[in-house]
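The values are calculated or read from the model by the stated rules, or taken from the named source; none is laboratory data. Nothing here was measured: the structure is a model prediction, and the numbers come from that model. When we count neighbours, we look across all protein chains shown, and the Cβ atoms used for this are built from the backbone with ideal geometry, even at glycine.
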Amino acid sequence: MHHLGATRSSLKRDHLLQTPDTFVRTPLPGASGVEFVVHVAPQMGAAFTQFTAEFSPGGVLGPAPAQRFLFVLQGELILELGAETYRLSEDGYAYLPQGTAHTVRAENSARAAIIEKAYVHAGHGEPPQVVIGNERDKSDLPLMGDSSLRVRALMEDGPAYDFAVNTMTYDPGAALSMVEIHVMEHGLLMLEGGGIYKLSDSWYPVEAGDFIWMAPYCPQWFGALGKRPAKYLIYKDWRRHPLGA
Ligand code: UGY
Ligand code: MN
């Protein structure tokens, strides 16, 4: 089925909507038994990369060239870190600071969202630490007091950390209370449900499985539609001076 070239995917100067019908798989160095959909990368003008890693049974990731955050979308991943072994089940996640020796493998089929970013130092503070958790164990923070729109922060928040990853869950009909325009960029993966995303001057219907990149200052707004909550995983650069200091 060729759909005569039609797709919801759209690339503009300050955003990308990438829907699963346009995903192209590639291998990456050092990995075996894993296919990657690279959603966004410096080639696009982003200061990070985000991909979906699709593991076959026995698949292994390669080393991380930068900080690495991984979030299990489906199945189970085994993270080996020094003498410790962690089994990350669905909604489990791990943050590995730059230079942390580790291996990630899957015994059975699994999928993960992976974000990598070169670390930006800030002054002489403490270095970032490994973070391991499960999204289901994190508490809900209503966004600006709106309990129909709940945020769960997955990363530690402190001067050592130069990015944040959150989930945001919108009850049906809930929406951002404002069009945001900010210096931070976003990588966003729709996890559940759907709605309308406004990006710059365009409005897009979006659903689970879609990826969105928002460049710095891309005007953005989302409203959830349908009978069940919409949920997304969202990355943003955080706590660093725009001049890189
Ligand atoms: O954290 C954020 O900037 C978030 N509220 N943005 C978004 O959902 N597009
Ligand atoms: Mn935002």
Any strands (runs of 3 or more DSSP E) falling wholly within the range 101-149 and containing at least 3 residues that are surrounded by 13 or more Cβ atoms within 10 Å (Cβ to Cβ) and in contact with a Phe, Trp or Tyr (Cβ under 8 Å, 6 or more places away or on another chain): 110-117, 131-134
Residues located in the range 13-51, provided they are in a strand (DSSP E or B) and not polar (S, T, N, Q): 15, 16, 17, 33, 34, 35, 36, 37, 38, 39, 40, 51
Leading residue by the ranking (surrounded by the fewest Cβ atoms within 10 Å (Cβ to Cβ)) among those in the range 176-196 that are away from ligand 2 (no atom under 13 Å from the Cβ) and assigned to a strand (DSSP E or B): 196
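Go through 58, 82, 30, 92 for me and flag whichever is in contact with a helix residue (DSSP H, G or I) (Cβ under 9 Å, 6 or more places away or on another chain), more than 30 Å from residue 219 (Cα to Cα) and not polar (S, T, N, Q).
Values: 58 fails: in contact with a helix residue (DSSP H, G or I) (Cβ under 9 Å, 6 or more places away or on another chain); 82 fails: in contact with a helix residue (DSSP H, G or I) (Cβ under 9 Å, 6 or more places away or on another chain); 30 fails: in contact with a helix residue (DSSP H, G or I) (Cβ under 9 Å, 6 or more places away or on another chain).
Answer to the selection: 92.
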Residue match in the range 133-154 (condition: away from ligand 1 (no atom under 16 Å from the Cβ), closer than 26 Å to residue 30 by Cβ and of a type outside the set (Phe, Trp, Tyr)): yes
Pairs with Cβ under 9 Å, 6+ apart, first in the range 40-67 and modelled with pLDDT under 95, second buried (at least 21 other Cβ atoms within 10 Å of the Cβ) and not acidic (Asp, Glu): 62/34
Count of the range 111-139 residues which are of a type in the set (A, V, I, L, M, F, W, C) and touching a Lys or Arg at 6+ places or on another chain (Cβ under 8 Å): 4
Some residue of the range 183-198 being closer than 29 Å to residue 120 by Cβ, at pLDDT 95 or above, within 10 Å of ligand 1 (Cβ to nearest atom) and of a type in the set (Val, Ile, Thr): no
Complete set of residues in the range 21-46 that are surrounded by fewer than 13 Cβ atoms within 10 Å (Cβ to Cβ) and either β-branched (Val, Ile, Thr) or under 23 Å from residue 128 (Cβ atoms) (or both): 24, 26, 30, 42
Search result, residues across the range 204-231 that are within 11 Å of ligand 2 (Cβ to nearest atom), part of a strand (DSSP E or B) and within 22 Å of residue 157 (Cα to Cα): 214
